[in-house]
Amino acid sequence: MRTLENLPFDNAFARLPEQFYTRLAPDPLPEPVLVAASPAAAALIDLDPAEFARPEFARVFAGNALLPGSEPLAAVYSGHQFGMWAGQLGDGRAHLLGEVPGAGAGWEIQLKGAGQTPYSRFADGRAVLRSSLREFLCSEAMAALGIPTTRALCVVGSPLPVRRETVETAAVCTRLAPSFLRFGSFEHWAVNKQPDALRVLADYVIDRFRPELRDAANPYDALLRDAGRRTGDLIARWQTVGFMHGVMNTDNMSILGLTLDYGPFGFMDGFDANHICNHSDDHGRYAYKAQPQIGHWNLFALGRALRSLVGSQDDVKAAIADSYVPAFENGYLNGLRAKLGLQDALPGDEDFIGETLSLLQRFHPDYTTFFRVLSRLPGAVTDASRATVDAPLRDHFIDRDACDAWLTLWRARLAAEGSRDDVRQAAMLAVNPKYVLRNWVAEEAIRAAQQGDDRVTAEVLACLSRPFDEQPEFERYAAPPPDWAQHLAVSCSS
Ligand code: AMP
Ligand code: MG
């Protein structure tokens with residue numbers, strides 16, 4: 001395993017022409033203290049977790065000391081925000097240190113919150129401890145759920161005051177990803193009428209991350225289709241697990257199909273398809289139920305940017321129709337089948353899934369709990385036993401008859417495929433998590449960390465690293481929001 005000093009950097013992005021970024025060092029953070037670190041993320045770059053304990057670790061990932069071989073830079077991009085062209089954005093508070101070989105193509109190491117860059121516009125280049133811990137915990141939780149995402153190595157805090165709605169303190173979150181390139185990275189060059197730069201960037205992504213696309217008749221068309229397929233699959237996973245990103249602007253959409261830029265995200269507590277997790281999203285553009293259409297819209301923004309390389313507008317449309325649409329639809333349908341314990345695809349499944357969603361929408365049971373509890377119910381009951389046997393699920397419904405009626409449909413559907421309880425229950429428990437990062441749990445970790453106690457964060461990280469395991473010691477983190485957290489609001493402020 002590697003120590004900090006012998007992380008072998010190989011900075012492919014820094015070898016691109018200088019128009020793609022600005023080289024600059026991070027701004028030192030006063031009195032840096034390590035608040036959280038992920039052993040699983042460290043393993044990706046073969047970094048020895050014993051390194052976490054060194055004072056040097058906090059200094060390096062605060063941006064106060066540079067690792068040998070790193071070449072820090074901030075990248076330029078543009079994007080559409082809330083449906084409007086926002087012009088140039090860029091890494092306003094992120095410094096890419098470089099890339100370390102590891103599993104796959106390698107892992108870029110990026111500091112988020114390490115000071116201003118030429119792309120900061122009027123903002124301070126900092127991130128607060130609250131949002132840094134949310135990003136850290138959710139990145140690692142999503143990875144453990146098997147959902148494509150950027151990763152988080154650690155959070156380093158500091159007493160440096162940072163003004164948001166109130167005065168908070170600064171932190172730096174270190175993120176890992178094969179690449180942080182966004183749809184907006186491509187829109188930038190298309191809108192600025194620099195087709196050569198656009199091609200260089202597309203070639204970089206293909207050669208570095210998708211070499212198999214080189215063999216396609218048009219590798220750029222294949223890249224658009226690849227992004228479409230992966231984004232469709234990603235959003236299907238978000239929907240099935242009840243995740244809401246909150247700010248699906250095109251500058252927050254990864255070209256590699258990763259969940260990127262955790263801000264005012266949320267996991268569904270009581271199911272409500274209309275739920276808007278971002279308090280700043282007045283019109284619900286990024287509501288839960290809107291995410292699939294927004295993904296489609298964003299793909300069109302990417303397609304428009306790549307059009308000169310792909311061919312005609314019709315080619316772009318075809319590429320998206322053939323990739324995003326079926327990837328989302330199949331991913332979502334199969335994802336819900338799996339959550340319901342259905343192994344076969346039978347006619348009528350879409351109707352049954354529709355019935356299921358309308359039951360959830362009418363009674364708003366806790367989404368995660370509903371499927372977890374359902375996983376353990378038997379596929380057959382007698383009339384005499386059903387009230388007792390089904391109690392763990394029925395208790396989540398004011399209208400028990402509605403729950404019973406739905407369970408009858410579910411059991412008929414299980415019988416139609418000759419479902420076996422032992423096989424089906426094991427499969428359901430492996431896809432229906434017991435633990436997701438509930439807002440109230442993140443809030444508890446944050447409040448403790450703000451008081452200098454980082455143990456809750458470590459405990460939540462440990463719990464969410466095994467989301468499908470029962471872990472009775474962490475039972476309380478599976479609970480719906482307690483009274484104090486009923487009206488927690490999360491906004492873009494970070
Ligand atoms: P976000 O909504 O966090 O994805 O950020 C949108 C844009 O604003 C990106 O270009 C960010 O780099 C930039 N940005 C957000 N917060 C800050 C900040 N505190 N300082 C500098 N730039 C920021
Ligand atoms: Mg962003």
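In the stretch 240-262, the residues that are polar (S, T, N, Q) and part of a loop (DSSP other than H, G, I, E, B) reach residues that are away from ligand 1 (no atom under 11 Å from the Cβ) and open to solvent by 20 Å² or more (accessible area, probe 1.4 Å) with C-beta atoms within less than 7 angstrom, at least six apart or across chains, in these pairs: N249/H80. Between R182, R237, R229, R175, the distinction of being under 20 Å from G295 (Cα atoms) and buried (at least 23 other Cβ atoms within 10 Å of the Cβ) belongs to R182 only. Checked against (1) of a type outside the set (D, E); (2) part of a loop (DSSP other than H, G, I, E, B); (3) under 19 Å from A42 (Cβ atoms), C138 meets all criteria but (2). Being at pLDDT below 95, closer than 29 Å to T369 by Cβ and either within 16 Å of ligand 1 (Cβ to nearest atom) or in contact with a helix residue (DSSP H, G or I) (Cβ under 7 Å, 6 or more places away or on another chain) (or both) holds for only one residue in H245, H279, H275, and it is H279. Listed by position, the helices (runs of 4 or more DSSP H) inside the stretch 387-494 whose residues that are in contact (Cβ under 8 Å) with a residue 40 or more places away in the chain and over 21 Å from G242 (Cβ atoms) number at least 2 are 400-416, 421-431, 439-450, 455-464. Can we say S280 is within 16 Å of ligand 2 (Cβ to nearest atom) and surrounded by fewer than 21 Cβ atoms within 10 Å (Cβ to Cβ)? In short, yes. Take S308 and decide whether it is in contact with a Pro (Cβ under 6 Å, 6 or more places away or on another chain) and surrounded by fewer than 20 Cβ atoms within 10 Å (Cβ to Cβ). So S308 fits the description; yes.
Taking the stretch 264-277 as the range and being open to solvent by 20 Å² or more (accessible area, probe 1.4 Å) and either charged (D, E, K, R) or in contact with a His (Cβ under 8 Å, 6 or more places away or on another chain) (or both) as the test, the residues that pass are D269, G270, D272. Yes or no: G106 more than 16 Å from E71 (Cα to Cα) and open to solvent by less than 50 Å² (accessible area, probe 1.4 Å)? Considered against the rule, which asks whether it is more than 16 Å from E71 (Cα to Cα) and open to solvent by less than 50 Å² (accessible area, probe 1.4 Å), G106 comes out as no.
Checked against the criterion of being more than 16 Å from ligand 2 (Cβ to nearest atom) and modelled with pLDDT of 95 or more, the candidates P292, P264 yield just one match: P292. May I ask you to list the residues in the stretch 343-386 that are assigned to a helix (DSSP H, G or I) and among the aliphatic types (A, V, I, L, M)? The answer is I353, L357, L359, L360, V373, L374. Number of residues in the stretch 71-103 that are open to solvent by 30 Å² or more (accessible area, probe 1.4 Å), under 20 Å from the mean Cα position of the chain (by Cα) and more than 9 Å from ligand 1 (Cβ to nearest atom): the value is 2.
Might you let me know whether the stretch 240-249 holds any residue that is open to solvent by 10 Å² or more (accessible area, probe 1.4 Å) and in contact with a strand residue (DSSP E or B) (Cβ under 8 Å, 6 or more places away or on another chain)? Yes, because at least one residue in the stretch 240-249 is open to solvent by 10 Å² or more (accessible area, probe 1.4 Å) and in contact with a strand residue (DSSP E or B) (Cβ under 8 Å, 6 or more places away or on another chain).
The values are calculated or read from the model by the stated rules, or taken from the named source; none is laboratory data. Just so it is clear, the model here is predicted, and its values are computed rather than measured. Because the Cβ atoms are built from the backbone with ideal geometry, glycine has one as well, and the counts that use them run over all protein chains shown. These area figures cover heavy atoms from the full protein model, side chains too; ligands, DNA and RNA do not enter into them. Shrake-Rupley method; radii C 1.70, N 1.55, O 1.52, S 1.80 Å.
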